[in-house]
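For reference, the structure discussed in these notes is given below.
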Amino acid sequence: MANRLKSGVFPTRRVSRTLTGLVAATIGGFGGLSVAAPHAWGGLAPPEQVFLYDVMFRRPDMHWANADAALAYGYGVCDKIRGGHPYAQIAGDLKADFQTPDEYLASYIISDAAQQLCPELIWQLRNSAEGYTSPPAQ
């Protein structure tokens, strides 16, 4: 195409106007989609859907029986936080439930449950985790 521009097959002004129009139409088209999307979905997905996406699709190694089981476990984590259980105990319970020593997995599930299903308890969870250090690797 560069050779055609130099040879005059495509006049430079015509190409630049065409490209400008194409870019504007593309941006306008995508801009219209981004403006329409919040109205279609209410702006954000419900917290339960976000939690399910995070623990079922981002972490397929979890092997949940179904979505209800994943949600029940997440709300169970919230109940433990609400009940004043320290982070270390909640993480220990999770690792025992899933038979894994994976600290990252425990932290991921606990923090995602708190952020999505019981955000009012985030500070309580953070305070209970103060000074927590993961146990040494075995």
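Worth a mention:
- Under the condition of being closer than 17 Å to residue 58 by Cα and either buried (at least 17 other Cβ atoms within 10 Å of the Cβ) or at pLDDT 95 or above (or both), the residues counted in the stretch 83-105 number 1.
- Some residue of the stretch 35-51 being among the aliphatic types (A, V, I, L, M), modelled with pLDDT of 90 or more and open to solvent by less than 40 Å² (accessible area, probe 1.4 Å): no
- Selection from the stretch 106-130 of residues that are assigned to a loop (DSSP other than H, G, I, E, B) and open to solvent by less than 70 Å² (accessible area, probe 1.4 Å): 118, 129
The values are calculated or read from the model by the stated rules, or taken from the named source; none is laboratory data. Computed from a predicted model, the values in this text were never measured in an experiment. Virtual Cβ from ideal backbone geometry, glycine too; neighbours counted across all protein chains shown. Surface accessibility is based on the protein's heavy atoms, side chains included, excluding ligands, DNA and RNA. Shrake-Rupley method; radii C 1.70, N 1.55, O 1.52, S 1.80 Å.
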